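Trainee: Mind having a look at this structure? Questions to follow.
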Amino acid sequence: MEFRLARMAQEANRLQAANDTPLCAYLYDLPALRQYVNDVITALPERCEMFYAVKANAETPILDTLDGRVAGFEAASGGELALIRERFPTAPLVFGGPGKLVSELSLALDLGVELIHVESLTELERLARLLEHGERRQAVLLRMNLRTDNLPSTSLTMGGTATPFGIDPDDLEACLAFLAQHPKIELRGFHFHLVSHQLDADAHLRLLDDLFHQVEQWRKWYRLDIEEINVGGGIGINYRTPERQFDWTGFCHGLERRLAEPPMQRYRIRFECGRYLTAPCGYYVMEVMDLKRNHGEWFAVCRGGTHHFRTPAAQGHSHPFVQLSGGDGEKGLTDTTVTIVGQLCTPKDVLARRVEITHLAIGDMLMFTFAGAYAWNISHQNFLRHPAPIMHFIDDGEDT
Ligand SMILES: *Cc1c(COP(=O)(O)O)cnc(C)c1O
């Protein structure tokens, strides 16, 4: 994505000047999101579709920007289903995730979701019961928890090992036998979401090779009439080395070669990415309120904290940021290392640890990048009851 850091800095400075307390804000660059998502989708080979996993960030302006660009939305709860259907009555919608309530399955049927990604035989049975009376049918994918040699050990493993997600391949025959008895449930294909934080494009291609190969084997063995493989999301953001991101273009070229092979030509491949789509458009800005030394280490105490922006604490990394001036250039610290903390009464309220600075003063601002996914919405917002940050959506209207 093209980062408009100067534009964001200008906006942060303007907000700082307009507020009489130290600044704490989320900034979102909607034109950049538009351009970036267009680029990501344009690079995809034929017969590939990009859905958006709503749980990564469901702020209304973000969803509005994505609607009509992504092929549809993936909801993982009744709340997300209702939110998307209310705002986008005709957008393609699929329903996945573990622990679906009967009431949520029923809502999905009422809202006319295109597909339900089924997580277990029990879920199939519940769905069959809901479809028992009436003419209604429902298309599904079976979410499989496959073990393969090409599962990278990322920091968040979703499958290939004992997890609550998806169906063990040993149980596939039982599911298929059940489906054979329940023709109102139509099996359209298989779903996989086996990794998160995938940063290696070649490794991801190898993993997809395994998935494609396995699906083809199942199709032949069980004589299935299927058309779709959902390969999930999980494309990562490199928070630790932000200049080295996932090679999306290289990945798409590799995928195109694989999909050109005859056995693969029957399938539509669907992605449902969250983090990779929205992380780059968001920024979390904190103003430095205090600089103090404690037992030999410097700390910058800033407005806000991990109750607004839990991403670094959740992932255990020092989050990348750029420094914006705002304070007294004459005062402050020079050429030292500082740990960036927030306002919470816990030593875990750390956003970046022992980072090098050339100069930092009270009143300066730190603008954390890649803060647009799994950030505000995964944070413990009520802990200590500090106010919420300002939510500021920048849209200078250069539509693309
Ligand atoms: C969370 C999730 C996604 C999105 O994952 P990202 O890592 O944000 O791309 C997609 N599919 C399923 C089933 C998920 O649980």
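Trainee: Scan ILE116, ILE84, ILE62 and give me the residue that is farther than 25 Å from ASP29 by Cα and either in a helix (DSSP H, G or I) or assigned by TED's automatic domain parsing to the domain that holds ARG268 (or both). Outline the logic, then answer.
Mentor: Working: ILE84 fails: farther than 25 Å from ASP29 by Cα; ILE62 fails: farther than 25 Å from ASP29 by Cα.
Sole residue among the options that is farther than 25 Å from ASP29 by Cα and either in a helix (DSSP H, G or I) or assigned by TED's automatic domain parsing to the domain that holds ARG268 (or both): ILE116.
Trainee: Looking only at the range 116-136, which residues are of a type outside the set (D, E, K, R) and more than 25 Å from the chain's Cα centre (by Cα)? Can you show your working first?
Mentor: Going through the range 116-136, the residues of a type outside the set (D, E, K, R) turn out to be 116-118, 120-122, 124, 127-128, 130-131, 133-134.
Hits for the range 116-136 are LEU121, THR122, LEU124, LEU127, ALA128, LEU130, LEU131, HIS133, GLY134.
Trainee: Then there's this: Limited to the range 10-28, what total is found for residues that are assigned to a helix (DSSP H, G or I) and either in contact with a helix residue (DSSP H, G or I) (Cβ under 6 Å, 6 or more places away or on another chain) or aliphatic (A, V, I, L, M) (or both)? Reasoning before the result, please.
Mentor: So the first thing to find is which residues in the range 10-28 are assigned to a helix (DSSP H, G or I), and the list is 10-18.
Now drop any that are not either in contact with a helix residue (DSSP H, G or I) (Cβ under 6 Å, 6 or more places away or on another chain) or aliphatic (A, V, I, L, M) (or both), which leaves 12, 15, 17-18.
Counting residues in the range 10-28 that are assigned to a helix (DSSP H, G or I) and either in contact with a helix residue (DSSP H, G or I) (Cβ under 6 Å, 6 or more places away or on another chain) or aliphatic (A, V, I, L, M) (or both) gives 4.
Trainee: Can you name the residue in the range 55-84 that is open to solvent by less than 40 Å² (accessible area, probe 1.4 Å) and more than 16 Å from the ligand (Cβ to nearest atom) and is also nearest to ILE41 (Cα to Cα) among such residues?
Mentor: Filtering the range 55-84 for residues that are open to solvent by less than 40 Å² (accessible area, probe 1.4 Å) and more than 16 Å from the ligand (Cβ to nearest atom), the one nearest to ILE41 (Cα to Cα) comes out as THR65.
Trainee: For the range 171-212, which residues satisfy the criterion of being within 16 Å of the ligand (Cβ to nearest atom), in a helix (DSSP H, G or I) and not small (Gly, Ala, Ser)?
Mentor: Once the filter is applied, which keeps residues that are within 16 Å of the ligand (Cβ to nearest atom), in a helix (DSSP H, G or I) and not small (Gly, Ala, Ser), the range 171-212 yields HIS204, LEU207, LEU208, LEU211.
Trainee: If GLU272 satisfies all but one of (1) over 23 Å from ILE62 (Cα atoms); (2) open to solvent by 10 Å² or more (accessible area, probe 1.4 Å); (3) within 16 Å of the ligand (Cβ to nearest atom), what's the number of the condition it fails?
Mentor: Evaluating GLU272 over (1) over 23 Å from ILE62 (Cα atoms); (2) open to solvent by 10 Å² or more (accessible area, probe 1.4 Å); (3) within 16 Å of the ligand (Cβ to nearest atom) leaves (1) as the failure.
Trainee: Considering (1) open to solvent by less than 30 Å² (accessible area, probe 1.4 Å); (2) farther than 23 Å from GLY274 by Cβ, say which one GLY134 fails and leave the rest.
Mentor: Here GLY134 clears every test but (1).
Trainee: Give me the strands (runs of 3 or more DSSP E) completely within the range 319-400, filtered to those with at least 1 residues that are open to solvent by less than 10 Å² (accessible area, probe 1.4 Å), out of contact with any helix residue (DSSP H, G or I) (no Cβ under 7 Å at 6 or more places or on another chain) and touching a residue at least 12 places away in the same chain (Cβ under 8 Å), ordered by residue number.
Mentor: Numbers: elements: 321-324, 333-341, 350-360, 365-368, 390-394.
In the range 319-400, 333-341, 350-360, 365-368 are the strands (runs of 3 or more DSSP E) which contain 1 or more residues that are open to solvent by less than 10 Å² (accessible area, probe 1.4 Å), out of contact with any helix residue (DSSP H, G or I) (no Cβ under 7 Å at 6 or more places or on another chain) and touching a residue at least 12 places away in the same chain (Cβ under 8 Å).
Trainee: Exactly one of (1) under 15 Å from LEU115 (Cβ atoms); (2) surrounded by fewer than 20 Cβ atoms within 10 Å (Cβ to Cβ); (3) within 12 Å of the ligand (Cβ to nearest atom) is unmet by PHE51. Its number?
Mentor: (2)
The values are calculated or read from the model by the stated rules, or taken from the named source; none is laboratory data. Everything numeric here is computed off the predicted structure, so don't read it as measured data. Positions of Cβ are backbone-derived with ideal geometry, glycine not excepted, and every protein chain shown enters the neighbour counts. Keep in mind that these areas ignore ligands, DNA and RNA; they rest on the heavy atoms of the full protein, side chains included. Shrake-Rupley method; radii C 1.70, N 1.55, O 1.52, S 1.80 Å.
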